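Everything below concerns the one structure shown next.
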Amino acid sequence: MRTASLISAFALITGAALGLTACGAGDGAAGTAPAAAGHARIPTTDVVSAVTKDPAAAKLLPADVRRDGSLTLAVSVGGSPPNAAYLPDGKTVVGQDIDFAEAVGKVLGLRLHQQVAGFEAILPALDSGKYDLGTGNFGVTDERRRTIDFVTYINDGQGFAVREDSTLKKVTDLTRLCGLNVATGAGTTFEATLEKSKGRCAKAGRKAYAVQTYAESSAVWSSLQQGRSDVVMSTINGLRYAVTQQRGLKFLNEFHRLDVGFAFKKGTPLAPAFQAAVNKLIADGTYGKILKKWGTTASAITTSRVSPPEIKD
């Protein structure tokens, strides 16, 4: 659901914000929330190392995977926290997606070898066998379910952010965007949703909105800050975090909720074990600790599911 980047998304977002407006303060528990202006930081609290292997969940893995003890995990890096992003060292990948992947790996007794990959490249590569699974805040849609299996771990979705001086009100229908420039990530569900609904403006006798896509989240935010776009469409959690880091911006509203999950090749035998592992984390409290760390408790699910139908509003 978000864009890919080859360099530190956090550094890019923070740098763009400092260069144009300066970072804003966030809220949340001490030590985990974004810091005051000019000192924004990514949470690094350890909520995973204490997780132990669960034999019942691990037994659900295919025998060859249990013997090998490892899988290849493709990670999309480039959106803003709480999803996967680089620490300022430009090497260490952290985020909600990473914490969930590492915790699930511990429950199953697996080593997950991370490989950073472009968001739009991960799903096709799963089918080819290049990766065993992928994470990147992938929203579960009916279209994706035709070729990909998902094991859900949070509920996120689509939302909008604007400059504070914007006159745009809550977007309850995409016709509210008619005549505007809408910035979003390339290859995302946001781009697909916007392109699919473009004709609604003409039917309403209004000028169509323009969809501006970018491969890096920093470019999305720069376009908004500099007035080249009027509104950003992205993940609900990502938007909420990003606007705390950039003065002069505001989260507008949620638009459409989606389940989010680990992505696998269609027909994967890994799904039952990963589902059991997520449910184990929910039961033992680790799940709640991860959400609290990243300020996303509103995205909690009560049980993990395998490729559920797309949420319809």
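Does any residue in region 212-235 that is under 15 Å from Arg247 (Cα atoms) come within less than 7 Å, Cβ to Cβ, of a residue that is among the basic types (Lys, Arg) six or more places away or on a different chain, and which pairs are these?
As it stands, the answer is Leu224/Arg163, since those pairs meet every condition given.
Does Ser218 satisfy the condition of being among the polar types (S, T, N, Q), surrounded by fewer than 21 Cβ atoms within 10 Å (Cβ to Cβ) and over 30 Å from Lys59 (Cβ atoms)?
No; evaluated as a whole, the condition is false for this residue.
Here are the criteria: (1) crowded, with 23+ Cβ neighbours inside 10 Å; (2) of a type outside the set (Val, Ile, Thr); (3) outside the structural domain of Lys130 (by TED's automatic domain parsing). Tell me which single one Phe274 does not satisfy.
Of the numbered conditions (1) crowded, with 23+ Cβ neighbours inside 10 Å; (2) of a type outside the set (Val, Ile, Thr); (3) outside the structural domain of Lys130 (by TED's automatic domain parsing), the odd one out for Phe274 is (3).
Yes/no matrix, rows are residues, columns are (1) surrounded by fewer than 23 Cβ atoms within 10 Å (Cβ to Cβ); (2) touching a helix residue (DSSP H, G or I) at 6+ places or on another chain (Cβ under 7 Å):
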| residue | (1), (2) |
| --- | --- |
| Gln246 | no, yes |
| Phe251 | yes, yes |
| Gly288 | yes, no |
| Ser299 | yes, yes |
| Pro308 | yes, no |
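For region 105-127, give me the residue count where each residue is under 23 Å from Glu191 (Cβ atoms) and either surrounded by fewer than 24 Cβ atoms within 10 Å (Cβ to Cβ) or of a type in the set (Asp, Glu) (or both).
10
Within region 253-271, is even one residue over 26 Å from Ala121 (Cα atoms), free of Cβ contacts under 8 Å to residues at least 60 places away in the same chain, in contact with a helix residue (DSSP H, G or I) (Cβ under 8 Å, 6 or more places away or on another chain) and crowded, with 18+ Cβ neighbours inside 10 Å?
Checking region 253-271: not a single residue is over 26 Å from Ala121 (Cα atoms), free of Cβ contacts under 8 Å to residues at least 60 places away in the same chain, in contact with a helix residue (DSSP H, G or I) (Cβ under 8 Å, 6 or more places away or on another chain) and crowded, with 18+ Cβ neighbours inside 10 Å.
Within region 125-154, count every residue that is under 19 Å from Val306 (Cα atoms) and either among the charged types (D, E, K, R) or without any contact (Cβ under 8 Å) to a residue 12 or more places away in the chain (or both).
8
Restricted to region 189-212, and to residues that are of a type in the set (Val, Ile, Thr) and in contact with a strand residue (DSSP E or B) (Cβ under 6 Å, 6 or more places away or on another chain), which residue is modelled with the lowest pLDDT?
Checked region 189-212; the qualifying residue modelled with the lowest pLDDT is Thr189.
Within region 104-125, can you find the residues that are in contact with an Asp or Glu (Cβ under 8 Å, 6 or more places away or on another chain) and not β-branched (Val, Ile, Thr)?
Those that are in contact with an Asp or Glu (Cβ under 8 Å, 6 or more places away or on another chain) and not β-branched (Val, Ile, Thr): Leu108, Leu112.
Output the residue which, of all residues in region 153-188 that are outside any strand (DSSP E or B) and among the β-branched types (Val, Ile, Thr), is modelled with the lowest pLDDT.
So the residue we want is Thr188.
So, in region 59-89, exactly how many residues are aromatic (Phe, Trp, Tyr) and in a loop (DSSP other than H, G, I, E, B)?
Selection size over region 59-89: 0.
Among the residues in region 90-103, are any within 29 Å of Thr184 (Cα to Cα), touching a His at 6+ places or on another chain (Cβ under 9 Å), in the same structural domain as Thr45 (by TED's automatic domain parsing) and not in a loop (DSSP other than H, G, I, E, B)?
no
Give me the pairs, please: first residue somewhere in region 291-313 and aromatic (Phe, Trp, Tyr), second residue anywhere and assigned to a loop (DSSP other than H, G, I, E, B), beta-carbon distance under 6 Å, and either six or more positions apart or on two chains.
If the second residue must be assigned to a loop (DSSP other than H, G, I, E, B), the pairs left are Trp294/Pro82.
Taking the stated definitions as given, is Asp64 more than 21 Å from Lys265 (Cβ to Cβ), outside the structural domain of Gly248 (by TED's automatic domain parsing) and at pLDDT 95 or above?
Taking the combined requirement at face value, the residue does not satisfy it.
I'd like to check something: does region 133-152 contain any residue that is among the hydrophobic types (A, V, I, L, M, F, W, C), buried (at least 21 other Cβ atoms within 10 Å of the Cβ) and assigned to a loop (DSSP other than H, G, I, E, B)?
Yes: one or more hits.
Please give the helices (runs of 4 or more DSSP H) falling wholly within region 214-310 in which 1 or more residues are hydroxyl-bearing (Ser, Thr, Tyr).
Helices (runs of 4 or more DSSP H) meeting the threshold: 217-225, 236-245, 286-294.
The values are calculated or read from the model by the stated rules, or taken from the named source; none is laboratory data. As the structure is a computational prediction, the values presented were derived from the model and not from experiment. Virtual Cβ from ideal backbone geometry, glycine too; neighbours counted across all protein chains shown.
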